[in-house]
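Right, one structure below, let's go through it.
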Amino acid sequence: MRLKLFLSGILSLTIAAGAFAQTESQPKQSGTIYLTTQDFKDKVYDYVKYPDEFKYKGDKPAIVDFYAVWCGPCKKLSPVLDELAKEYAGRIYIYKADVDKEAELARKFSIRSIPTLLFIPEGSEPSMSVGAPSKDELKKIIDKMLDNASGQ
């Protein structure tokens, strides 16, 4: 009986640890889109093919959030970006790139502080911002990008 309880306890701990590890390694699904370096090259900008000129591949404006899972301000910004991705669904892409997992991408954009946001309007040069802006500030930026995109 003790052996059965002991094995049952070990099995429960193993399942719980596996579920925790899976949660830690797999970001939960939300309105944001998680990017690998290759995804970035395929969907956003192929900096290998076009090293001297930013050629955006998307069909609508985008924001790329360079973040890390251990970063306090990044954790605060993440749910705001999730809400905005849902609120502006179909009109803007909101991407996330983990700087620890995607070191090449972080180096390419000289990411020194996080969160860093890359704003990519349609038809004009991208810009970057360091820090965690408020939801209202982000909405103003997004609305401006959308207004500029519709005015082209």
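The values are calculated or read from the model by the stated rules, or taken from the named source; none is laboratory data. Source: prediction; values computed, not measured. So basically every Cβ, Gly included, is an ideal-geometry build from the backbone, and we count neighbours across all protein chains shown. The area values use the complete protein model at the heavy-atom level, side chains included, leaving out ligands, DNA and RNA. Shrake-Rupley method; radii C 1.70, N 1.55, O 1.52, S 1.80 Å.
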Of the residues in region 130-152 that are of a type in the set (Gly, Ala, Ser) and closer than 18 Å to Ala85 by Cα, the one that is surrounded by the fewest Cβ atoms within 10 Å (Cβ to Cβ) is Ser134
Within region 19-40, the count of residues that are more than 27 Å from Lys144 (Cβ to Cβ) and either at pLDDT below 95 or surrounded by 16 or more Cβ atoms within 10 Å (Cβ to Cβ) (or both) comes to 12
Given the conditions (1) part of a strand (DSSP E or B); (2) buried (at least 20 other Cβ atoms within 10 Å of the Cβ), every one holds for Leu77 apart from (1)
Scanning region 80-112 for residues that are in a loop (DSSP other than H, G, I, E, B) and among the hydrophobic types (A, V, I, L, M, F, W, C), the one most open to solvent (accessible area, probe 1.4 Å) turns out to be Ala89
- Message: Looking at region 113-128, can you tell me whether even one residue there is out of contact with any His (no Cβ under 7 Å at 6 or more places or on another chain), more than 22 Å from Asp42 (Cα to Cα) and open to solvent by 60 Å² or more (accessible area, probe 1.4 Å)?
- Response: no
For Gly72, indicate whether it is loosely packed, with under 12 Cβ neighbours inside 10 Å, among the small types (Gly, Ala, Ser) and modelled with pLDDT under 95. no
Glu125 vs (1) farther than 20 Å from Leu35 by Cα; (2) free of Cβ contacts under 8 Å to residues at least 40 places away in the same chain; (3) of a type in the set (Asp, Glu): all pass except (2)
By residue number, the members of region 128-152 that are modelled with pLDDT of 95 or more, polar (S, T, N, Q) and either part of a loop (DSSP other than H, G, I, E, B) or in contact with a Pro (Cβ under 8 Å, 6 or more places away or on another chain) (or both) are Ser134
Selection from region 69-81 of residues closer than 14 Å to Asp136 by Cα and out of contact with any strand residue (DSSP E or B) (no Cβ under 8 Å at 6 or more places or on another chain) yields Pro79, Val80
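Yes/no per residue for (1) in contact with an Asp or Glu (Cβ under 7 Å, 6 or more places away or on another chain); (2) of a type in the set (D, E, K, R); (3) more than 18 Å from Thr32 (Cβ to Cβ):
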| position | (1), (2), (3) |
| --- | --- |
| Gly90 | no, no, no |
| Lys101 | no, yes, no |
| Ile114 | no, no, no |
| Ile120 | no, no, no |
| Val130 | no, no, yes |
| Lys139 | no, yes, no |
| Ser150 | no, no, yes |
